[in-house]
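Participant: Please find one structure pasted underneath; my questions will follow.
The values are calculated or read from the model by the stated rules, or taken from the named source; none is laboratory data. Keep in mind that this is a model prediction, so the values were computed, not measured. Cβ coordinates were reconstructed from backbone atoms using ideal geometry, including for glycine residues, and neighbour counts include every protein chain displayed. Just the protein is used for accessible areas: all its heavy atoms, side chains included, with ligands, DNA and RNA removed. Shrake-Rupley method; radii C 1.70, N 1.55, O 1.52, S 1.80 Å.
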Amino acid sequence: MAPLSIYLDHAATTPLRREVLDAMAPALTETFGNPSSVHGAGRAARALIDSARDQLAAVLNARSREVVFTGGGSEADNLALRGVVHRLGRQGGHLIVSSIEHEAVLETARDLGQLGFEVTELPVDAAGRVSPATLQAALRPDTILVSVMLANNEVGTIQPVRELAEVTHSGSRAVFHTDATQALGKIKLDVQELGVDLLTVSAHKIYGPKGVGALFARHGTGLDPIITGGGQERTRRSGTENVPGIVGFGVAAELVEAEREQEMERQSWLSGDLSRRIQSGVPDAIPTGARAGERLANFCTFAFPGVEGELLLLRLDRAGICGSAGSACTSGSLAPSHVLLAMGFSPQLASAHLRLTLGRSTTPRDAERAAELICQEVAALRERAVAV
Ligand SMILES: Cc1ncc(COP(=O)(O)O)c(C=O)c1O
């Protein structure tokens with residue numbers, strides 16, 4: 001990483017906020033008790049968890065008892081899928097997921113497929129959206145779970161989750177899960193309005209600590225634990241709680257929600273500016289995902305014909321820009337993005353993808369400088385390709 005880097009990879013992770021660190025510090029040192037202990041030190045730690053649960057529940061418009069803290073977004077996704085399937089205790093049944101899910105959902109569904117469940121992977125349109133009609137047609141009397149993410153992590157497209165949950169509930173007895181890991185802090189998440197049964201969130205995408213997440217589980221939704229043991233989290237997730245992490249998550253959620261509207265307006269303007277600058281420097285750059293207003297405001301994504309995405313990232317890194325090809329969790333693999341392939345891009349274009357995701361610290365100067373360097377590096381790679 002170049003010394004003066006511009007960090008445009010907030011969808012991968014975000015820096016911990018100072019206020020969050022300050023809130024977490026006492027939970028690491030002074031309030032160190034085990035929340036399951038009956039003594040005062042334990043009760044003090046328990047009180048911190050209770051208060052973080054209230055904070056997150058308020059942000060989601062859920063009841064506190066409906067929030068299950070986990071070891072991150074991936075674990076919450078696993079709990080949603082495996083927990084529902086396990087509760088039903090059957091050897092078979094039908095699951096529906098979208099074809100552009102994060103691997104934490106997609107690979108879990110495929111694993112359940114290996115165990116005897118039938119899995120339908122719903123197609124998406126060119127913007128990466130699942131249509132309610134497509135879901136309706138895929139529902140079957142034996143469908144037990146539908147999982148469609150709220151906003152995609154590679155292109156930022158927002159799904160019509162409210163309609164999809166409605167179609168699911170009116171056409172079947174299936175449980176509806178949405179992975180809202182990227183959406184928290186970017187769009188309003190009201191579990192009552194969305195009508196979902198299960199919803200995943202993660203702290204490190206909202207300036208909170210890594211390794212802590214949560215699953216909203218609507219009261220009455222059948223869910224078995226996937227981690228058994230001491231029965232913490234009302235038996236839904238055993239293991240001594242990550243008290244500092246949970247405290248940090250609660251504070252981060254409250255802060256990000258308080259500034260959401262103003263910050264998204266600012267980031268939307270900035271990503272529009274960045275996008276216009278890139279398009280004027282590279283006129284054949286192809287914007288990916290849905291149009292502005294139908295995708296997360298902090299996303300700016302392009303496919304550059306004739307450019308190898310990984311090479312572009314390496315050159316940008318050297319020039320001081322932290323970007324991504326798509327999902328951080330799969331980078332390192334040169335396989336074209338499954339999301340872009342599902343959206344109808346050729347394997348070549350799907351490998352020529354750049355995801356820039358803005359955050360609280362991104363300035364207009366960052367957008368200007370990043371666009372300049374991106375246009376420069378794309379041109380250099382193309383010249384090199386011609387020369388070879
Ligand atoms: C949509 C989505 N779901 C799940 C995850 C996994 O979350 P975590 O890193 O907390 O396990 C991510 C992280 O990139 C994500 O973007």
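Participant: Filter the stretch 168-198 down to the residues that are away from the ligand (no atom under 13 Å from the Cβ) and of a type in the set (S, T, N, Q), then identify the one that is farthest from P225 (Cα to Cα).
Facilitator: Taking the candidates together, the pick is S170.
Participant: Looking only at the stretch 229-240, filter to residues that are at positive phi and open to solvent by less than 40 Å² (accessible area, probe 1.4 Å); which one of those is farthest from the ligand (Cβ to nearest atom)?
Facilitator: G231
Participant: Also, I was wondering about something else. If you go through the stretch 333-346 one residue at a time, do you hit one that is within 20 Å of T14 (Cα to Cα) and free of Cβ contacts under 8 Å to residues at least 24 places away in the same chain?
Facilitator: Step one: list which residues in the stretch 333-346 are within 20 Å of T14 (Cα to Cα), which gives none.
No - not one qualifying residue is present in the stretch 333-346.
Participant: Would you pick out the residues in the stretch 103-120 that are within 16 Å of the ligand (Cβ to nearest atom) and open to solvent by 50 Å² or more (accessible area, probe 1.4 Å)?
Facilitator: E107, R110, D111
Participant: Return only the number of the condition from (1) touching a Gly at 6+ places or on another chain (Cβ under 8 Å); (2) over 24 Å from G72 (Cβ atoms); (3) outside any loop (DSSP other than H, G, I, E, B) that V339 does not satisfy.
Facilitator: The single condition V339 does not satisfy is (2).
Participant: Starting from residues that are assigned to a loop (DSSP other than H, G, I, E, B) and open to solvent by 20 Å² or more (accessible area, probe 1.4 Å), keep the ones in the stretch 290-319 and report whichever is farthest from K188 (Cα to Cα). Steps first, please.
Facilitator: The first filter runs over the stretch 290-319 and keeps only residues assigned to a loop (DSSP other than H, G, I, E, B), leaving 290-294, 296-298, 304-308.
Still in the list and also open to solvent by 20 Å² or more (accessible area, probe 1.4 Å): 291-294, 297, 305-306, 308.
Values: R291: 19, A292: 16, G293: 13, E294: 13, A297: 12, P305: 35, G306: 38, E308: 36 Å.
The selected residue is G306.
Participant: Looking at the stretch 158-178 only, could you name the residues that are touching a Leu at 6+ places or on another chain (Cβ under 8 Å) and either under 17 Å from L81 (Cβ atoms) or touching a residue at least 60 places away in the same chain (Cβ under 8 Å) (or both)?
Facilitator: Answer for the stretch 158-178, where residues must be touching a Leu at 6+ places or on another chain (Cβ under 8 Å) and either under 17 Å from L81 (Cβ atoms) or touching a residue at least 60 places away in the same chain (Cβ under 8 Å) (or both): I158, Q159, V161, L164, A165, T168, S172, A174, V175, F176, H177, T178.
Participant: Something else about it: I need every pair where a residue in the stretch 229-250 that is farther than 15 Å from A52 by Cβ has its Cβ under 7 Å from the Cβ of a residue that is open to solvent by less than 10 Å² (accessible area, probe 1.4 Å) and of a type in the set (S, T, N, Q), sequence separation at least 6 or different chains.
Facilitator: G229/S238; G230/S238; G231/S238
Participant: Please go through the stretch 337-368 and give me each residue that is in contact with a Pro (Cβ under 6 Å, 6 or more places away or on another chain) and of a type in the set (S, T, Y), ordered by number.
Facilitator: As a first pass, look at the stretch 337-368 and keep what is in contact with a Pro (Cβ under 6 Å, 6 or more places away or on another chain): 347, 350-351.
Once the filter is applied, which keeps residues that are in contact with a Pro (Cβ under 6 Å, 6 or more places away or on another chain) and of a type in the set (S, T, Y), the stretch 337-368 yields only S351.
Participant: To continue, here is another question. Restricting to the stretch 136-155, count the residues that are in a loop (DSSP other than H, G, I, E, B) and within 16 Å of the ligand (Cβ to nearest atom). Write out each step before concluding.
Facilitator: Step one: of the stretch 136-155, the residues in a loop (DSSP other than H, G, I, E, B) are 139-142, 148-150, 152-155.
Subset that is within 16 Å of the ligand (Cβ to nearest atom): 148-150, 152-155.
Of the residues in the stretch 136-155, 7 are in a loop (DSSP other than H, G, I, E, B) and within 16 Å of the ligand (Cβ to nearest atom).
Participant: Also: What do you reckon, is I100 outside any helix (DSSP H, G or I), in contact (Cβ under 8 Å) with a residue 24 or more places away in the chain and either of a type outside the set (S, T, N, Q) or open to solvent by 30 Å² or more (accessible area, probe 1.4 Å) (or both)?
Facilitator: yes
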